[in-house]
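These notes are about the structure you will find just below.
The values are calculated or read from the model by the stated rules, or taken from the named source; none is laboratory data. Remember, it's a predicted structure, so these values are computed and weren't measured experimentally. Cβ atoms come from the backbone with ideal geometry, glycine included; neighbour counts cover every protein chain shown. Accessible surface areas use protein heavy atoms only, side chains included; no ligands, DNA or RNA. Shrake-Rupley method; radii C 1.70, N 1.55, O 1.52, S 1.80 Å.
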Amino acid sequence: MMDLLIPDKTHDESRQGEALMLNAETAKNNGRKLYIESYGCAMNFSDSEIVASILAESGFETTTDHTSADVIFINTCSIRENAEQRVRNRLKEFTVTKVKNPGLVVGVLGCMAERLKSKFLEEEKLVDVVVGPDAYRDLPNLIDQVDSGQKAVNVLLSREETYADISPVRLNSNGINAFVSIMRGCDNMCSFCVVPFTRGRERSRDPLSIEAECRDLFDRGYREVTLLGQNVDSYKYSTGEDDNKITTNFADLLELVALINPDLRVRFSTSHPKDITDDVLYTINKYDNICNYIHLPVQSGNSRVLELMNRTYDREWYINRIDAIRRIIPDCAISTDVITGFCSETEEEHKDTVSMMDYVKYDFAYMFKYSERPGTLAAKRYADDIPEDVKQKRLTEIVAKQQEYSFYRMQSRIGKVERVLIEGFSKKSDKDYAGRSDQNAMVIFPVGEGYKPGEYVNVLVERSTTATLIGKVV
Ligand code: 5AD
Ligand code: SF4
């Protein structure tokens, strides 16, 4: 995968395969240890926290050492072929552990489990349990089933499940930022995408349970929440009967969370160009604590390709949404996702994507070569006919372009003062702190007296790389 930058950690390359450790002790203890490793998007990492919560209830402790585990779970991603390959390679490595400990339970969770279902058991002999994203409440039963000598599968998708009542445990948390899932599934049917098949129909979570979770996080010292959904702009939750029906949309939800406390930063991902309303943009602008940063995947800058992708907007519509952001939210960072070499994409059409990048000058971009996924509309309807070397050449071209614009955006902050939420020491040195600006840029500055992680500071930006702002507290 060609991630240029990982600004919002919604698909954080550095976290792929990370083992998660429960921060709190489990109340009950059954003497068994769970090792859980996650791949894919932030939604998957958030789901692993739900899984750990459910199993903590039945007495499992977490461990970051798979060789000492009684249950190994791998929470998988299907988005591109290479994401699945990575999981298969990883499973091979667990074979040795299983030989040493025949009582070990090995389970596959998440999108790949949903996609392959019981085929997984035939293809990967060491796997005992296969569980889709809507069936995690069934995990204790499924483990019992394996303990009694059977293999276990539950890949039922649900129209209602949002795990709203599962009290969230935070895994590997810095105690400052948390992801909060606000909806599940996706109804968009982009022709390249496997998600509607692996995560099922879209459903929104009760806004009061979201607000309560965010408030609880704030009370426990957290200072930033990222509201997660495949398409947050289509968030919609209704309560009450016909005449007294109250419907909460995404703009309302943002406001509800922003009002918890001005010191709680609110981020969100992912926005959809077809659904993002001016109303949402006005709400972002109205509250200082809703961050000025929007991830708005374009996928392609060409209208014919967008139609084949079934994105339901065209180039003009997308440009109109960009113009609305620039008009309503001065100083808003914008990032995107791009796919190169989609079915039948011509060189001219690729150039339209490049020119879109020139138009928007994105702050960040995640860029990918098209990877055909079995079962998707594109796989059924169109030939994956762009040769690998052409896909790669186009990708290289847009990656280079993005480097230029990322640097341009970073450089434009020099001399400005950024409000930074300190997250911890910088990766390179414990003489520096790292945190993010409102626009989601990583900011590095010297450690000093009078401020610490979890607090806000004003940093004067003195220089930059393509990925980081460097400065000093003022
Ligand atoms: N091939 C390449 N990239 C894909 N994405 C989704 N499906 C595919 C695919 N089949 C990208 C899109 C999406 C991001 C999460 O992953 O750009 O926005
Ligand atoms: Fe997340 Fe999509 Fe991967 Fe599933 S397939 S883990 S929804 S990125």
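The range 392-465 and the range 355-387 have their alpha-carbon centroids 29 Å apart.
If the Kirkwood radius is taken over C-alpha pairs of the range 58-125, then at 4 °C and 1.567 mPa s the Stokes-Einstein diffusion coefficient equals 101 µm²/s.
Counting only DSSP beta bridges with both residues in the chain, the antiparallel share comes to about 40 percent. D by Stokes-Einstein for the range 53-96, Kirkwood Rh over Cα pairs, 25 °C, 0.890 mPa s: 201 µm²/s. Dipole magnitude for the chain: about 900 debye, using +1 per Lys or Arg Cβ and -1 per Asp or Glu Cβ, origin at the Cα centre.
Apply the a/c threshold of 1.5 to the C-alpha gyration tensor of the range 339-382 and tell me whether it is rounded, prolate or oblate.
It comes out oblate by the Cα gyration axes.
Computed with the Debye formula from one identical point scatterer per Cα of the chain, without solvent, the log10 of I(q)/I(0) at q = 0.05, 0.07 Å⁻¹ comes to -0.18, -0.37. Just so you know, the Cα atoms of the range 331-416 work out to an Rg and Dmax of 15.0, 52 Å.
On the protein heavy atoms, probe 1.4 angstrom, tell me the percent of accessible surface of the chain carried by carbon and sulfur. In the chain, the share of accessible area belonging to carbon and sulfur is 50 percent. Unpaired Cys in the chain, meaning no second Cys C-beta under 4.7 Å: 41, 77, 111, 186, 214, 291, 332, 343. Here the average projected area of the convex hull drawn through the C-alpha atoms of the range 243-285 stands at 4.0 nm².
In this entry, the range 337-474 is assigned a mean projected area of 10.5 nm², taken as a quarter of its C-alpha convex hull surface. Under the Kirkwood approximation for Rh and a Cα-based Rg, what ratio Rg/Rh is obtained for the range 260-342? My calculation of the ratio gives 1.02.
By the Cα gyration tensor, the range 17-81 has an equivalent ellipsoid whose semi-axes, rounded to whole angstrom, run 22, 12, 9 from largest to smallest. Distance check, please: which entries in 245/274; 274/380; 274/452; 33/428 exceed 29 angstrom between their Cα atoms? Violating the 29 Å Cα-Cα cut-off are 274/452; 33/428.
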